[in-house]
There are 2 protein chains.
Amino acid sequence: MSRLDSFIRRLEAQRACLDLAACLVAELDGDVLELGLGNGRTYDHLRQLFPGRRIYVCERRVAAHPECIPPAELLLLGDMRDTLQAARVLLGRQVVLAHLDPATGERAASGALAAELAPLIVPLLRSGGVLVSEPAINQVALTPLPLPDSVAPGRYNLYRFVSCQSSA
Amino acid sequence: MSRLDSFIRRLEAQRACLDLAACLVAELDGDVLELGLGNGRTYDHLRQLFPGRRIYVCERRVAAHPECIPPAELLLLGDMRDTLQAARVLLGRQVVLAHLDPATGERAASGALAAELAPLIVPLLRSGGVLVSEPAINQVALTPLPLPDSVAPGRYNLYRFVSCQSSA
């Protein structure tokens, strides 16, 4: 498999997981959180999946396509390790879907960053909310969900957050 | 369609066209020419399609993944408008497959660059050679070829160069 093949598979898996996650949270009220804007392609996909929701975006420095720049009031600018801490007040437990895909280009670095960010994301999720993530996340509060049929195990990851305080 | 959808379609079309082009030139001797290296994903795909051929790569400045950097002797470094001129001596009419995908991110700019480069590419192609290009190319020496079934018209483009001196 070439790097082109594996890149296509990764993008297809990302899209299939986001599409499935959108169905899974359809009945829940709340916001969406995109962790990393990049060129804004995935953000654009989220906009189409969630036309009625606020989509907050964490990014260090915006360098997206001009058509894919979030409104200023939904941008959390800075290092995610800081902005996610600060976002607790803003986002409370109102996030129904978070998408994490650091894609540093280096597997170990992406995994390390995801491990660092996961404990900062979980407190933002409402019970029943879903985390879609490319590095696998090991957090006791997150239960792995079945992947779409088209996605091979480990290629992308879906988790459900269920609060201990909830009966769900 | 989101920008993520359209990006995936574009990559799938690129791959399908390159795979088909590889079949179309299987019987011809000669080299491959990649116009633009980028992150090296497509170059890696070409390496897998053409393990036995020299793959020349034009690039202004190499910024690819470390595993996708061509051997120095096959790198044509600099502005393609200059290097393609100079490459006539090196490549003669020995190119059986050229791939052009400037992907400047701006449709008009990509089209203008492709129009400027096409007359510099044609003299490198051997008769029967194929040009795979994302902006459409309008050159009398290049005959459009049918696309793979999965590729919608205009999404990617395949051309065959047939020399007037040839009976093919």
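Can you tell me which residue in the range A:41-67 is least open to solvent (accessible area, probe 1.4 Å), limited to those that are at pLDDT below 95 and within 14 Å of chain B (Cβ to nearest Cβ)?
A:Ala64
State yes or no: is A:Cys17 open to solvent by less than 20 Å² (accessible area, probe 1.4 Å) and part of a strand (DSSP E or B)?
no
Look through the range A:29-40, keep the residues that are in contact (Cβ under 8 Å) with a residue 60 or more places away in the chain and small (Gly, Ala, Ser), and return whichever of them is farthest from the other protein chains (Cβ to nearest Cβ).
A:Gly30
Which one of these is closer than 22 Å to B:Pro146 by Cα and among the small types (Gly, Ala, Ser): B:Ala64, B:Ala114?
Every option except B:Ala114 fails the conditions.
So is B:Ser110 in contact (Cβ under 8 Å) with a residue 12 or more places away in the chain, in a loop (DSSP other than H, G, I, E, B) and either touching a Pro at 6+ places or on another chain (Cβ under 6 Å) or surrounded by fewer than 21 Cβ atoms within 10 Å (Cβ to Cβ) (or both) or not?
For B:Ser110, the condition - in contact (Cβ under 8 Å) with a residue 12 or more places away in the chain, in a loop (DSSP other than H, G, I, E, B) and either touching a Pro at 6+ places or on another chain (Cβ under 6 Å) or surrounded by fewer than 21 Cβ atoms within 10 Å (Cβ to Cβ) (or both) - is not met.
When the residues of the range A:138-154 are narrowed to those that are more than 14 Å from A:Arg15 (Cα to Cα) and touching a residue at least 24 places away in the same chain (Cβ under 8 Å), which ends up surrounded by the fewest Cβ atoms within 10 Å (Cβ to Cβ)?
A:Leu145
For (1) open to solvent by 10 Å² or more (accessible area, probe 1.4 Å); (2) more than 14 Å from chain B (Cβ to nearest Cβ), each residue gets a yes or a no:
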{"site": "A:Met1", "(1), (2)": "yes, no"}
{"site": "A:Ile69", "(1), (2)": "yes, no"}
{"site": "A:Val89", "(1), (2)": "yes, yes"}
{"site": "A:Leu117", "(1), (2)": "no, yes"}
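Inspect the range B:102-115 for any residue being under 24 Å from B:Phe50 (Cα atoms) and modelled with pLDDT of 95 or more and give the result as yes or no.
No.
Output the number of the condition that A:Pro135 fails; it satisfies all remaining conditions of (1) buried (at least 21 other Cβ atoms within 10 Å of the Cβ); (2) within 14 Å of another protein chain (Cβ to nearest Cβ).
Every condition holds for A:Pro135 apart from (2).
If you check A:Leu77 against the conditions, is it buried (at least 20 other Cβ atoms within 10 Å of the Cβ) and not polar (S, T, N, Q)?
For A:Leu77, the condition - buried (at least 20 other Cβ atoms within 10 Å of the Cβ) and not polar (S, T, N, Q) - is not met.
Scan the range B:121-134 and tell me whether some residue there is within 15 Å of the chain's Cα centre (by Cα), part of a loop (DSSP other than H, G, I, E, B) and not small (Gly, Ala, Ser).
Within the range B:121-134, one or more residues are within 15 Å of the chain's Cα centre (by Cα), part of a loop (DSSP other than H, G, I, E, B) and not small (Gly, Ala, Ser).
The values are calculated or read from the model by the stated rules, or taken from the named source; none is laboratory data. All of these numbers come straight from a predicted model, not from anything done at the bench. Note that we place each Cβ from the backbone using ideal geometry, even for glycine, and neighbour counts take in every protein chain shown. What goes into the accessible areas is simple: the full protein's heavy atoms, side chains included, and nothing from ligands, DNA or RNA. Shrake-Rupley method; radii C 1.70, N 1.55, O 1.52, S 1.80 Å.
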